[in-house]
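In what follows, a single structure is set out as structure tokens and then discussed.
The values are calculated or read from the model by the stated rules, or taken from the named source; none is laboratory data. Predicted, not measured: the structure shown is a model, and the values here were computed from it. A quick note on method: Cβ atoms are made from the backbone with ideal geometry, for glycine too, and the neighbour counts reach across all protein chains shown.
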Amino acid sequence: MKSSRRLCDFVSSDCQLSGLLAGVGESVVHVDAHWVVRYCNEVYLRCLGLRADQVVGRTPFEYHPGFRRSIFFETIEACRRDGQPRMAIGYSTAVQRWLMVRVYPHEGGMMSLANDATESVVRQFQLAQEALRDPLTRVGNQRAMEQEIATRVAQNVSFSLVLFGLRRFNTINDLVGHSQGDLALMEIASRLQSVTRDQEHLYRLNGVEFVLLTPATGADLHGRIAALAARLGETVTMRGQPFRLGAAFGVVSAPDHGDAPEGLLRRAALALRCAKRQTGEPVVLFDERLEAAGRLRVALEGDFRAALQRHGDSDGLSLALQPKGRLKDGHVVGAEALIRWRHAERGPLSPADFLPMAQECNLMVELDRWVLDEALRLQRNLMQLGHPLPVSINLSVEGLADVQLAGNVSAALLRWGVPASLLEIEIPEGALMRDVEISDRVLAELSALGVRISIDDFGTGYSSFAYLARFPVSTLKIDRSFVRDMCAKPASKTIVRSLVSLAHALSMDVVAEGAETDEEMAMLRRMHCDMVQGFGYGRPLPFDTFVSFVSQRTSSSPAGHRVSEAAPSPFVI
């Protein structure tokens with residue numbers, strides 16, 4: 001008797017529920033975990049133009065051929081996958097109306113309700129969606145990323161955040177313009193989206209930084225990053241000119257490295273910053289030590305700024321002088337000033353430890369000015385000791401773009417009483433070619449002062465010989481990588497010999513960097529290379545030690561004159 005009463009109550013309740021749902025004016029459908037329709041109301045049937053027997057007991061894939069591309073599929077699938085209520089607004093081609101769809105987990109399945117969306121609701125939804133998209137690439141923006149992280153954290157699932165920054169992208173803006181750069185970013189974003197998987201989301205944070213949220217971990221994660229790197233390594237052609245970019249990757253994992261968007265992104269940025277200092281396609285996984293290094297970096301920045309204000313401090317910045325030797329007779333014919341920093345607490349620091357920091361903190365122009373002033377001070381002392389040798393200083397990319405460079409050089413030469421002919425400024429080949437017009441103007445101004453110009457690391461960049469002849473260059477410095485390999489690799493030997501001949505044809509001196517062995521010295525001498533700079537001739541020396549070194553190898557020839565045409569003689573060490 002009780003069982004019959006419960007059955008009657010259920011049937012009565014079900015009928016009442018059906019009547020209630022039929023009168024709400026909304027489309028209602030309930031599907032189980034296998035997508036089989038267990039209930040739908042008359043509004044749903046009228047919208048599709050179907051009968052109940054054509055729908056109930058079947059899946060939507062059977063009676064609605066385009067269901068997988070509909071707003072219903074995406075919303076119901078998200079609810080089925082995550083077990084969380086979902087809402088979406090979109091245009092339904094089946095009913096040819098804008099609909100607002102809400103889906104709720106219900107008795108092992110999903111209950112979906114849909115009704116017409118008013119114009120104001122659609123517009124608000126569109127505005128909300130726009131607020132979550134990058135306007136250029138149409139991928140998600142940082143706000144969308146933060147929302148997705150919050151969702152995944154609430155679901156207590158693990159995921160990885162891969163922050164990656166494009167490399168060498170400025171070459172596109174510099175050579176073909178920013179409008180082409182925007183088109184390149186759109187193309188790159190499209191390429192990246194083509195390799196994303198289910199449950200992966202791509203976001204653009206700013207100019208050239210993107211984020212991939214992925215459930216991948218371990219070896220699978222490395223495979224996903226490799227797929228991104230491969231796609232980013234493909235040639236981008238803009239206005240017929242090919243560009244090869246690249247990327248550096250910083251990776252964090254949640255919840256191991258946190259569960260708040262801000263903290264995860266900050267730690268990924270630390271890993272990315274470390275990756276950018278490496279070559280190739282580097283991938284750095286966040287480690288707690290990176291945060292400690294970051295705190296130390298902040299402290300060092302303050303100390304470095306203070307050191308720039310001091311000269312001649314035993315616990316501050318200083319210059320070491322590395323001698324340049326003439327291959328004809330071994331005499332010292334100049335020196336290169338190299339920056340050193342003895343920290344009051346940490347002792348001597350390698351330039352590799354503080355120069356990247358100076359660049360990140362926009363201190364390179366200030367550092368260039370410090371080096372210029374200190375080098376001329378040392379050069380004045382050399383002159384007073386009877387050693388009027390040319391001294392070269394390195395100029396950064398930022399320093400080359402300094403509009404006050406020529407004026408500062410002129411004022412410093414006057415202040416220390418050093419002839420312009422005894423100052424040589426070394427510019428990396430890559431910096432020289434970064435903006436040819438600016439380089440041309442700045443080098444012309446320096447040359448007009450009488451300052452000598454040297455191209456550093458020559459052979460590793462992208463200089464054309466036409467530009468080389470255009471600039472007022474006095475000296476080519478052949479990169480150490482060619483000098484190091486020329487005894488073992490015929491190709492490197494050929495490159496060195498060709499560069500020596502090219503420089504002489506253009507009336508330039510040649511300095512071979514990095515020579516360390518007697519065999520290398522002998523080979524360079526046979527090639528009629530002018531000068532050598534490397535450990536095989538002399539290491540960077542403090543000022544007093546350099547003076548003693550010079551006294552033992554005094555040149556009787558005027559400094560700065562090319563002598564390689566003369567017959568070679570034994571190298572004097």
- Could you please find all residues in segment 32-63 being of a type outside the set (A, V, I, L, M), in contact with a Phe, Trp or Tyr (Cβ under 8 Å, 6 or more places away or on another chain) and in contact (Cβ under 8 Å) with a residue 24 or more places away in the chain? W35, T59, P60, F61
- Query: Within segment 314-329, can one find any residue that is assigned to a helix (DSSP H, G or I), assigned by TED's automatic domain parsing to the domain that holds P542 and crowded, with 19+ Cβ neighbours inside 10 Å?
  - Reply: no
- Task: Could you list all residues from segment 332-346 that are among the small types (G, A, S) and touching a residue at least 60 places away in the same chain (Cβ under 8 Å)?
- Result: G334, A335
- Taking the options D53, D14, name whichever one is in a helix (DSSP H, G or I), modelled with pLDDT of 90 or more and out of contact with any helix residue (DSSP H, G or I) (no Cβ under 7 Å at 6 or more places or on another chain). D53
- Message: Just the residues that are crowded, with 18+ Cβ neighbours inside 10 Å and either touching a Pro at 6+ places or on another chain (Cβ under 6 Å) or not assigned by TED's automatic domain parsing to the domain that holds A268 (or both), please, taken from segment 196-255.
- Response: A248
- Query: Filtering segment 473-505 down to residues that are assigned to a loop (DSSP other than H, G, I, E, B) and touching a helix residue (DSSP H, G or I) at 6+ places or on another chain (Cβ under 6 Å), which residue is modelled with the highest pLDDT?
  - Reply: M486
- Query: Which one of A114, A33 is at pLDDT 85 or above, closer than 25 Å to E148 by Cβ and exposed (fewer than 12 other Cβ atoms within 10 Å of the Cβ)?
  - Reply: A33
- Message: Given the criterion at pLDDT below 90, under 22 Å from the mean Cα position of the chain (by Cα) and among the small types (G, A, S), identify the matching residue among G302, G312, G294, G347.
- Response: G294
- Task: Could you please find all residues in segment 136-175 being at pLDDT below 85 and either assigned by TED's automatic domain parsing to the domain that holds A401 or basic (K, R) (or both)?
- Result: R138
